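Encoded as structure tokens, the structure appears first; notes follow it.
The values are calculated or read from the model by the stated rules, or taken from the named source; none is laboratory data. Computed from a predicted structure; not experimentally measured. Backbone-built Cβ (ideal geometry, glycine too); neighbour counts: all protein chains shown. Side chains are part of the model used for accessible areas, which takes the heavy atoms of the whole protein and leaves out ligands, DNA and RNA. Shrake-Rupley method; radii C 1.70, N 1.55, O 1.52, S 1.80 Å.
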Amino acid sequence: MRLFIAFNALIYLAFGPAFYFFPQALAGLLGISLGHNTALADFRAMYGGVPLAAGLLMAIALKKESWQE
């Protein structure tokens, strides 16, 4: 189970910041147009911030023994 969590944490921690810091480029690869600032903010939050938070939570879970019971 720890290997599964570690693998997922790495994936989320890689994609989260990438989508947050380079949203226009990655949205273009997905065929999404971010024409307004609200679209950019929503894209950063949903595809950048949420995966980053999930990855951090998984990484913390790997370190906390009490969370692994």
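Checking the condition open to solvent by less than 70 Å² (accessible area, probe 1.4 Å), among the aliphatic types (A, V, I, L, M) and at pLDDT below 95, which residue from L62, L52 passes?
Working: L52 fails: at pLDDT below 95.
Sole residue among the options that is open to solvent by less than 70 Å² (accessible area, probe 1.4 Å), among the aliphatic types (A, V, I, L, M) and at pLDDT below 95: L62.
I need a count of the residues in region 34-48 that are part of a helix (DSSP H, G or I) and surrounded by 15 or more Cβ atoms within 10 Å (Cβ to Cβ).
Step one: filter region 34-48 for residues part of a helix (DSSP H, G or I), giving 37-48.
Applying the additional criterion that residues be surrounded by 15 or more Cβ atoms within 10 Å (Cβ to Cβ) yields 43-44, 47-48.
Total satisfying the criteria: 4.
Does region 7-25 include one or more residues that are in a loop (DSSP other than H, G, I, E, B) and at pLDDT 95 or above?
Pass one, region 7-25, residues in a loop (DSSP other than H, G, I, E, B): 22.
From what's left, at pLDDT 95 or above: 22.
Within region 7-25, one or more residues are in a loop (DSSP other than H, G, I, E, B) and at pLDDT 95 or above.
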